[in-house]
Amino acid sequence: MIIKVLIVEDDPMVAKFNKHYLEQIEGFQSVGWAASGEEAKKYLEELEVDLILLDVYMQDTNGLQLLSYLREQGIPVDVIIISAASDNISIRKALQYGAVDYLIKPFEFTRFSAAMSAYRENYLLMKRGENFSQEELDQLIGYRQEQEEDTPDLPKGLTIGTLRSICSIIKTLTLSNTAFSTDDITSNALISRISVRKYLAFLTEIGVLSMDTSYGTVGRPVYMYKVTSKGYETIEGLIK
């Protein structure tokens with residue numbers, strides 16, 4: 001089943017960039033590009049669209065106005081915001097109007113891929129039938145019990161949500177069993193380098209990671225991490 005996507009973005013280079021990212025992910029097809037809200041409305045009249053990748057700041061219209069219009073008209077299309085708008089008001093309005101995800105520019109492909117993969121999973125789940133079990137509904141709305149039996153106790157200042165995010169990045173980086181550094185994680189995460197080091201230190205402490213020290217040309221130590229033999233099982237348990 002192919003998910004049809006309309007890109008609504010007034011910058012042609014950014015639109016092309018988003019389309020390129022979209023084409024890397026299985027199950028999606030770009031059906032068009034609209035540079036304004038009015039163009040997007042015309043596309044929706046002529047084409048079948050499942051998902052809109054929507055910018056907020058555009059010259060001719062505000063993306064949130066288009067999102068509000070879609071909801072007022074009862075148009076059954078899902079929306080993921082992709083925008084430089086990071087203010088509280090824009091984000092809150094987008095969520096109130098039913099945006100299923102919100103990506104702040106600039107973003108990494110890892111985050112884009114995670115958003116699209118999560119959407120695809122929910123989209124297919126919604127297509128399966130009219131009735132859901134509680135387990136299926138919990139999966140659909142993103143509910144997770146904060147403390148599961150196989151979840152390790154976290155030190156003060158660490159959260160299970162961020163730990164899962166770090167583990168997802170580690171899994172992506174280590175598909176070929178390669179070592180990685182703190183900077184490798186930081187470049188794909190939404191938290192500071194110092195915070196990343198705390199999570200990596202915790203994962204090392206509980207045996208998920210092993211750490212080696214190497215020295216660069218300037219003599220400063222570089223800490224390199226690898227997932228241990230038992231670590232992969234723990235990571236899979238955390239991000240399931």
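A short reminder: the numbers here are calculations on the coordinates, not readings from a lab. It should be emphasised that the depicted structure is a prediction, and the values quoted were computed from it without experimental measurement. Positions of Cβ are generated from backbone atoms using ideal geometry, with glycine treated the same way; all protein chains shown enter the neighbour counts.
Taking 0.36 nm per residue of sequence separation and subtracting the Cα-Cα distance, how much length would be gained by fully extending the chain between residue 204 and residue 190, in nm to one decimal?
Taking residue 204 through residue 190 to full extension adds about 3.0 nm, to one decimal.
Under a point-charge model restricted to the Cβ atoms of Lys and Arg (+1) and Asp and Glu (-1), what is the dipole moment magnitude of the stretch 3-147 relative to its Cα centre, in debye to the nearest 20?
Charge dipole of the stretch 3-147: 140 debye, to the nearest 20.
For the chain, just run the numbers: alpha carbon Rg, then divide by 2.2 N^0.38 Å, N being how many residues it has.
Ratio of Cα Rg to 2.2 N^0.38 Å: 1.15.
Once label points are set 7 Å from the Cα along Cα→Cβ at both residue 124 and residue 41, what is their separation, rounded to one decimal in nm?
3.6
Antiparallel as a % of all DSSP beta bridges within the chain, to the nearest 5?
35
Go through 187, 213, 44 and say which Cα lies farthest out towards the positive end of the charge dipole of the chain; charges sit on Cβ, +1 for Lys and Arg, -1 for Asp and Glu.
With unit charges placed on the Cβ atoms, the residue in question is 213.
When only C-alpha pairs under 8 Å and at least 6 residues apart count, what is the relative contact order of the chain, in percent?
Normalised by residue count, the contact order of the chain is 12 percent.
Using helices alone, I'd like the mean residue ellipticity at 222 nm for the chain: each DSSP H run of four-plus residues gives -39500 (n - 2.57), total over residue count, nearest 500.
Counting only the DSSP helices, I get -13500 deg cm²/dmol.
On a 32 Å Cα-Cα criterion, which of the cross-link pairs 4/156; 16/230; 198/230 come out too long?
Where the Cα-Cα span goes over 32 Å, the pairs concerned are 4/156; 16/230.
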